[in-house]
1. Return the pair list, or none, for Cβ contacts closer than 7 Å from residues in segment 344-357 that are at positive phi to residues that are small (G, A, S), at least 6 apart or on different chains.
2. Can you tell me which condition D275 does not meet? The list is (1) touching a residue at least 40 places away in the same chain (Cβ under 8 Å); (2) in contact with a Gly (Cβ under 9 Å, 6 or more places away or on another chain); (3) exposed (fewer than 15 other Cβ atoms within 10 Å of the Cβ), and all the others hold.
3. From (1) open to solvent by 40 Å² or more (accessible area, probe 1.4 Å); (2) over 16 Å from P154 (Cβ atoms), pick out the condition that doesn't hold for P199.
4. From the list S99, S126, S131, which residue is modelled with pLDDT of 95 or more and part of a loop (DSSP other than H, G, I, E, B)?
5. So is T142 of a type in the set (S, T, Y) and free of Cβ contacts under 8 Å to residues at least 40 places away in the same chain or not?
6. Scan segment 172-187 and give yes if some residue there is among the β-branched types (V, I, T), at pLDDT 95 or above and surrounded by 19 or more Cβ atoms within 10 Å (Cβ to Cβ), otherwise no.
7. Can you tell me how many residues in segment 141-151 are outside any strand (DSSP E or B) and open to solvent by 10 Å² or more (accessible area, probe 1.4 Å)?
8. Name the single residue that is surrounded by the most Cβ atoms within 10 Å (Cβ to Cβ) among those in segment 10-31 being of a type outside the set (A, V, I, L, M) and at pLDDT below 95.
Amino acid sequence: MNRKSFLLAAAVIAAALPAMAQEQPRIAASPFLPSYGMPVTLDLQESSLRTFIPATRYVISGNNITVDYEYASTGAASAAMGQQPVQLGELPAGNYNVSARLHDINKPNAAPRTLLSSIAVVPPQSPGLYSIPSQPRGFAPTSVMVKSAAYFDPRTLRARLSGKVVRVDFDYASLPPGSDAPAGLTTFASVRIAQAMAPGAYTLEGWGRTNGGAYQKFFTQDMVVTQSTPVVEYYSARLDHYFFAAGADEIDLLDKGRQGDWKRTGLDFAAFARDADAAPGSAAVCRFYASGPNSHFFTGNQAECDYLKVLEEIQRAKAAQAGTSFQGWSYEGIAFYAMIPSNGQCPSYTAPVKRFYNNRAAQNDSNHRFTSDPAQMAAMDGWIDEGVVFCSVP
């Protein structure tokens, strides 16, 4: 059963059940007061609210976090219904506004019910430079946080990569001890490293200046970027499709909403951006796109990849002969490199990644989902389980 048919069935069941007017759910962070380096999750608490697990998604814009849940009244019997924490990962230190939007399946055109909350991520106590995440991964979005004993202007933060050195510049205020913070100044803030970082050892340098003077180096910190890269999952409610991205540039485009209504599910798995970094037993993952269903397909099976390439040639020729546009699977290149299971089994130190198919080729709406999360696997009610196709590395 796909999402559209599930929502219709759930609405019929839930329509006969009492409304949940007495429920007072709230959205809360775990841990309650996270500090630098701690992964953060969001939970619906004090509620028996049953959400449609595969459709939960979120977006972070600046210091605003918006989570979308879809729910049915208690009693909609399906493995896809329940509660699962939303994984936000590590957040830069600061204060965040959280909006949880609850979309009633019974009233698809109604405005969602909104729960408001906040998260305060505590910065480190010691002045210095800190990478975000605390363990950066190859070719993934990475930021640097400056924690200073002096107030500085966060708008002046700049981070640039030169060789194996990341230099962070900032302007600070030279004030007498005990002075109040001038408006707009802070003692901690983060800045994104614009360039993608290959695996390896780096040095972070913090350079500050005051009153337009010369920069002085105040901080130095070693940093290691791991060989693995995150393959980040996204969900589009409009298409009811899943997609995943590897690489900072495409992740940024999706996070900023420049490719449609794609939002993070909070899930990812670990692979490799380059063949040179890949672990033994890895293979190139071919990426295809079909304009008909507006969907992507990924495979690390060379025979499957070769078959689709040949099929593309045949279908393109037929479309050209008929004077129609080609809407089948078009090869887009190598997406990343992933460890491949042997006889359906992954090494014990990895996590199996399963592929699910929505079985909607007849509706020209094919889509696949890849996940290593057991709760999500159990929630893919009605999708065809196509088995383990990748192994997520540590």
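The values are calculated or read from the model by the stated rules, or taken from the named source; none is laboratory data. Since this is a predicted model, take the numbers as computed values, not measurements. Glycine gets a Cβ as well: all are built from the backbone with ideal geometry, and neighbour counts include every protein chain shown. The protein model used for the area step is the full one, side chains on, heavy atoms only, and it has no ligands, DNA or RNA in it. Shrake-Rupley method; radii C 1.70, N 1.55, O 1.52, S 1.80 Å.
1. G344/G387
2. The one condition D275 does not meet is (2).
3. (1)
4. S126
5. no
6. Looking for residues that are among the β-branched types (V, I, T), at pLDDT 95 or above and surrounded by 19 or more Cβ atoms within 10 Å (Cβ to Cβ), one finds none in segment 172-187, hence no.
7. Qualifying residue count, segment 141-151: 1.
8. Among residues in segment 10-31 that are of a type outside the set (A, V, I, L, M) and at pLDDT below 95, the one surrounded by the most Cβ atoms within 10 Å (Cβ to Cβ) is P25.
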